[in-house]
Structure formats: structure tokens, C-alpha cells
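Following: one structure in C-alpha cells, then a few remarks.
Laboratory data are not the source of any read-out in this text; all were calculated from the coordinates shown. In this text the structure is predicted, and so the values were computed from the model without any measurement. Glycine also receives a Cβ, built like all others from the backbone with ideal geometry; neighbour counts cover every protein chain displayed.
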Amino acid sequence: MIDLRLVPAALAVWVAAWLLTGSGVAWSGPATWIAAGVVAAACLCLTATAALLHRAAWPTVAHAALAAACVLAVTASAHVQLAGRAPLAELAEQRVTATLTGVVVSQPEPFSFAQGPPAPGTGQYRWVLAARALDARGVVSAARAHVQVLSSTAPRYGATVTVSGGLRPADAGAAETARLAADGASEIRAPPSALRVLDTHRTALLDVTDPLPAQARGLVPGAAIGDTTRLPEDLAEEMRATGLTHITAVSGGHFAVVVAVLTLLCSSARLPRPARVALVALASLTFVALVRPEPAVLRAAVMAAFALTGVAIGRPAQSVPALAASVVGLLVVDPWLARSFGFVLSAAATAGLVLLAAPLAARLAPWTGDAAAFALAVPLAAQAACGPVLVLLDPSVSTVSVLANLLAAPALVPATVLGLVATVLAPGLPALAGLVAWAASAATWWIAGVAHWCAGLPGAMVPWLGGPPGALLLAVLTAVVLWAVLRRAPRPGWPESWRTAARSGLRDALGARRQRLSRARFVAIVAVGSVAVLVVVVAVPRLAARSGLPADWQVAACDVGQGDALALRTGPTSAVVVDVGPDGPAAGRCLDQLGVTRVDLLVLSHFHADHVGGLGPVLAGREVAAALVSPVPEPAANAAATGAALAAAGVPVRAARAGERGTAGALTWQVLLAGAGEGANDSSVVLAARTAGLDVLTLGDLEEAGQADLVPLVGPADVVKVAHHGSAVQSRALAERVRPAVALVSSGRDNDYGHPTDEALELYAGVGAAVVRTDECGTVALVVREQEVSLAGC
């Protein structure tokens, strides 16, 4: 029997943690104490009621009381932590420049908005600082919050450092209180000696794997210690498409391998039970420090601790109670784990394996044999449990995940074990470690080959409805299929008549069966089968290749040739659109591709033809709520034609004014400049917008004077639409003031103006921006997933 008694408490705690760490409710204030009081009163009432009820009702009351007590614990924890975060959060909202001192609590990772590694000299590293001291506005105070830092240098994990920069608010529900961009980090105290030793092993592993092929340089460290910094981008994408990313995401599978190998060695050495438990516990702690305590690692480590405790007292722990207790304990310590996709996927995969693998294997075994049934049931269970969560990250469903995991399974243990052995040997015996790493590369070669082959199969990724509706739909469909499969007891397997037919000859059996079929039924079966094959072979691949842009895009630069057209997402089918490109259907087609059927605000920066010429196709078949245009009607003919087109479509129009603000869905915007200069270009409407945690700045076609006027009005931005298609007239002061992570340049291929110029490209690359050009990439989009930003379409 599976012990589910702790599951209600774990689910209740998860829901409470999700609500407590969200936005829009003042949980850190009186509301928290009111909620805590209600829960505490409920606990007392339930305890008192238990004494009055019949003994048979006591278990139900006990479960309710336990769940209420756990919710009370996570509520109190969230209140204390939110109160500690509040001062820093307020300063971040005010975008104050501050100096923070704290400990580096995440492994710095190379970061780039564009695909692939950062360009030389423009590298950025992203990491998390556990701030302990804050110096802002001349006042030094204590701090208790995590801050996400983007810096040009990578500090050592566990070091105490000082960073300075402008604080910015984190996304709603983020585990970090604020974000900070810094030029570098000054180390004031080295990491503890144990961490320095482990860092030596991590670095030495990268050194001994450096001569290996590209796949091994990325996969051997990835399978051993979760280091994916050198994983080729094409291989990473193929592993995502085939559901093999768990190989480089250290979690329960890695712990199972480590514990199993150590247990086998201890048994071979005939060590007593206390020594075995102590050795495995020490090795597990060392492994956590080596791979870094990420959410999935913490979940696996706590479950391993429960298992070791069970072994120590002679009562092995059951998986479901251990998982539920791990969830409760970790969410009480850190309620923000409830919103971590890594933690959710780790817990869901474990729950799927524990609850579904055995029943599925029991129903497959009569047909496939025990070994094959278990091998097939494991990826099926994991896919069923994780599928709805993965849809939230990427609105598509992998049809080859089970096959890929089945084929890659034989190489997982060798890749992990040999990689860890190479990690242990690398600092002292690099030559021997290199040989072991080379042996591990044979296993990773097979994994890379499986990922490449499966990703290339027709219909490997099928588009799916995105967001919570898509996740709910897939969860319901999965539940229906599982109910249909599991509601009956395992069947005996292949009918005896089929086995006899197989032994006597499949051809004779099929011939006899066909004779019993009427001609009409035979034709119907052939027709249905042909249609199914046609759908799978033709329709599915075309549907999958319908669009190269993900459904959850946030900022999109449309390829309209020599012109501008930018879309900022405000909802599933709505956007703010800035400019519509030159005459032609390009801008309208781009919005169709993005799924935009409503334009909450249409901003026309100025009336040059390359910014307003494509207005007709954008208005056709699309609802436009309002339009904001340049207050300078130059050229007059274009301004008049634009006004007439907007009036004919019934779109309310007003001239933009500097300082004007508004909202559209979750997006907020402000006009920084409008009509402030001479001529159409310098009269461009300059818009600053914030969406999905990204600060976006659109510069229209500002010339030198307009950009100079803008410098004192702006601060750092994540994304900048570069002025005038990347012409040579660019303000260095503005670029250095804004220091964007991404610089979008909209220009036509082989245009007569020579846009974008080398001067503009070098200027923005020099301030650390990833320069993205529509003349090279076509339409591109920025995607924000789990606080990570990536570029699609290039």
C-alpha cells in the first residue's frame, strides 16, 4: 500500500506558499497575522473536536489539523522573510543606486540574451547575492534578501563580495527581492576552505575535458556536476526537444546513482551500518556542495536524508511520505520554491515515478516482459507527470520524449559515474582523469546521438496551447488516459490464439483474418489508416513548423525591410505596436504570425513612410483601441494620409505629450520625448515601457540633438530599439547611460543607406549589449521564462 497520509498537508502548504509569495496582496502586513490567526484557531478547533468525535473520525481530524499546522508554519515563515525583504524592495522600486555586501549563493553562469555564447569582451555573468549589508543614500543598514546580480566578472561561489549599481525591482513572485547590474564584484572574504577544494575539482574537470569533442566538453561535466556552460546550443536545443535535459540537471537520478554506488562499495567492504550511513551522508553533503544547492538538488538531498534515517533506525522510508515531508520542510524554509519550475519539475517527476511507474509496468509486463516494461514505464510516468508543467515553459509537446529516454537510458549511469570519477581524480591525477573522461565521452556520444536523431524525426515537437489553459488541458487529457489504462487490473497479455498464429506463420493468420472481413470493412480500415498516416507524416510536421516564434514571446522586432515595427505583448492576443514599417503587408503578416488580433495602443513615432507606410494591413482585421502619434505632422502628406486611415478605421487618435503615462494589460508605458526637436526624425515619439520584467526603450529615428536631450531622462534599460536603423549618428553618452542587454536594430537587407553602420554596432556592443539585426535574423522575439530571457528567431 502507498502511504498518502502526508500528501494533503504537502498540497496545502504548496498552495499557501504560492499565494503568500505572489503579488497584489499585502501578506507581509496585517493580512498575514489575520491568516495565521485563522489557521491557528482552526487547529485548536480541530484538536478539540477530535476529542468529542467518534474514534473512527480521528484520522480525518488529525490530517486536517496537521495540514493546518503546516500552513501556519509556512505563513509565519513567509511573513518573517517578507518583512526582511521590504526595505530593499522599496529601494528597488525607487531605482536607487546602492552598494550591497553579501555572500554569493549561486554558481555564476554566462548570460546572453542572444543565442550562443556572448561575444568576446561583452560577457556577462548572472548570479545571486544573499545581501547582508546595504549602503544606499549615505545610510548603511542590515539587509536580509537575495538579489539577482548581472556583472562583467564572475565571483567565486561562497565568497563574501561587495557590488555597486542601480537597484531595480524583481519580477512578481521572484525568489530574489531585486535586480542589480554591476561592473564587477569585489571579494572581501574568500569562500570556506571546503568550497575552495570543491571549486578546484570543478575547474579541473573542465580542464581535463577540454580536449574532448564538443558534445563531451558539454555533456561530461553536465552529467557529472550539472555544469552546462560549454554545452553546444544546438545540442541543448535537441535535448530540450527530446526531454533529455534531466541528464544535465542534477536531481534525484544523480543522487540515486551516487547512493547506489557507495552502498555497493560499503557492502563489499562489509562496513557496519553506522559507518555506512555516516559515509553516505557525508558523500551526499559533499555532492550537494559540489553541484550547488539548486531547488531540484535540495529536494533530492532531503529525500536522501529521509532514506538514510530510515536505514539508520532499521526502517526504510517510503518514497511518498518522504517526498511529501521534503516538500513541506523545504517550502517552510523557502516559500518561494513553490514558484520555482526546477523544484516543481523535480517533485512532479518523483511523484510520477513513485505513483505511476509500478502500475504502468504491471500492465506492460504481460506484453513486453518485466525488464522492458520497467524501462518503458519510467519515462512514461515522468512524461505524464511533467508534461503539463513543461507546457508552461514551452507551448509544445514532445512526441519523442519516451523513445529518447528509453534509448538513452543505458548510457546514463556510465556517463554519470565515470564523470564523477573523473571529477574526483582531476586535480591530483589529471592524466588518469582524462582517460576516465574520455571513457565517459563514449556514453555521452550515444546520448547526443539519440537527442540528434529523435529531434530530427517528423513531428518531434507538436505545438500546444500555451499558459495555464494549455497546462490544464494536457493534465486533463493525461488523467483521462491514465484512468482508462489503470482502472482495470493487468490483463494476461497476448491472446493464446495470437501466439499460436505467430508460431504457425503471421502471413497465414493475417490471410485468414482478411477473409473474414467484408470488402467494405476492409476498404474502410485501409482508408482510415491512410488518413492517419497522412496526418502524422504531413500535417503534424507542417503544423510544428508553422512558426519559428514561441507563443509566449514578450518583445518582437518585425522584419519589415528598411523600416521599423516593434510589438510589445500585453496579453495572449494583444500588444502595443510601435511603428508599422514601410508600404506593404510585412507588418500585418508579422502581427498575424505573433497572434496579435488586438492592438491596445498603436504608437507612430513619426510620419516618415518607413514607419507609417504599412498601416493599412495592420488595421485590416485587427481591433486598434487607440493611436498615439508624433505632434509634428511632417511630412504633411504622410501625416494627412495616416490621419485619414486611422479615422476611417474608427481609431481614436491623439498627439503624444512628454510625460504621458498609461497601462495596457500588464505593460506600463511612458512618453519620454515627443516633438521636442526640429524635423520629423528628432520629433520622434520616444517610448519607455516595462513588460514581463523587461525595460524597453524605443528611440524612433532620433538624431544627435534628440538623443542628447534624452540622456538626462533615462536610466538603464534591458532592451533598446536603436535609433534610425543603426545609422552613424548615435550618442555615446546615451548608449553608456542606458547600457542595454539587447540592442534591436531594424533595417533592410542590402539597403542603400548602409544601415546598420559599423560605428553603431560597435558602440552598443562596446557597452555590453547583444546586438540583434532584423536584416540578418528576420523577425525576432524575446522570451521570458522563469526569469530567464532568451532570443527566438535568429
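Under 15 Å from the 7 Å Cα→Cβ point of residue 648, by amide nitrogen: which residues of the range 607-632? What the label zone holds, given the 15 Å backbone N cut-off, is 613-622. A dipole drawn for the chain from +1 and -1 charges on Cβ atoms has a positive end, and of 321, 593, 635 the residue lying farthest that way is 321. Expressed as a fraction of 2.2 N^0.38 Å, the C-alpha radius of gyration for the range 120-165 is 1.28. Quick one: Debye curve from the C-alpha atoms of the range 390-432, no solvent, what's log10 I(q)/I(0) at q = 0.32 Å⁻¹? Normalising to I(0) and taking log10 leaves -1.00. Annotation: extensible slack from residue 189 through residue 5 equals 61.6 nm (criterion: 0.36 nm per residue apart, minus Cα-Cα distance).
Using 0.36 nm per residue and subtracting the Cα-Cα separation, the extra length available between residue 281 and residue 313 on full extension is 10.1 nm. Rg/Rh for the range 416-465 (Cα atoms only, Rh after Kirkwood) is 1.29.
The calculated 222 nm mean residue ellipticity attributable to helices in the chain amounts to -16500 deg cm²/dmol, summing -39500 (n - 2.57) over DSSP H runs of n ≥ 4 and dividing by all residues.
The dipole here belongs to the chain: it is taken about the Cα centre, uses +1 on the Cβ of Lys and Arg and -1 on the Cβ of Asp and Glu, and is about 4340 debye.
State the Kirkwood hydrodynamic radius of the range 553-792 in Å, one decimal place, computed from all pairs of distinct Cα atoms.
The Cα-based Kirkwood calculation yields 17.2 Å.
Here the Kirkwood formula, the inverse mean of 1/r across different C-alpha pairs, assigns the range 738-794 a hydrodynamic radius of 12.2 Å. Indicate the gyration tensor shape class of the range 153-215 (rounded, prolate or oblate), computed on the Cα atoms with a ≥ b ≥ c the square roots of the eigenvalues: a/c under 1.5 is rounded; otherwise a/b larger than b/c is prolate and the rest oblate. Since a/c reaches 1.5 and a/b is larger than b/c, the shape of the range 153-215 is classed as prolate. Legend: calculated FRET efficiency, residue 465 to residue 237, from the Cβ-Cβ distance at R0 = 35 Å, rounded to 0.05, equals 0.95.
What percentage of all Cα-Cα pairs in the range 333-435 are separated by more than 23 Å?
46 percent
One decimal place: the segment residue 362-residue 620 gains 87.2 nm when fully extended, by the rule 0.36 nm per residue minus the C-alpha distance.
Say R0 is 60 Å: what FRET efficiency, to the nearest 0.05, do residue 96 and residue 486 get from their beta-carbon distance?
0.60
Listed from fewest to most Cβ neighbours within 10 Å, the set 764, 157 follows the order 157, 764. The radius of gyration of the Cα set in the range 374-501, together with its Dmax, comes out at 20.1, 64 angstrom. FRET efficiency for the residue 660 to residue 153 pair, using the beta carbon distance and R₀ = 30 Å, is estimated at 0.15.
Evaluating 6.51 cos²θ - 1.76 cosθ + 1.60 at θ = phi - 60° for every residue in the range 194-206, the Karplus couplings come out as 4, 5, 5, 4, 5, 4, 4, 5, 4, 5, 5, 4, 5 Hz, glycine and proline recorded as x.
Three semi-axes describe the equivalent ellipsoid of the chain; taken as square roots of 5 times the Cα gyration tensor eigenvalues and ordered largest first, they are 48, 36, 29 Å.
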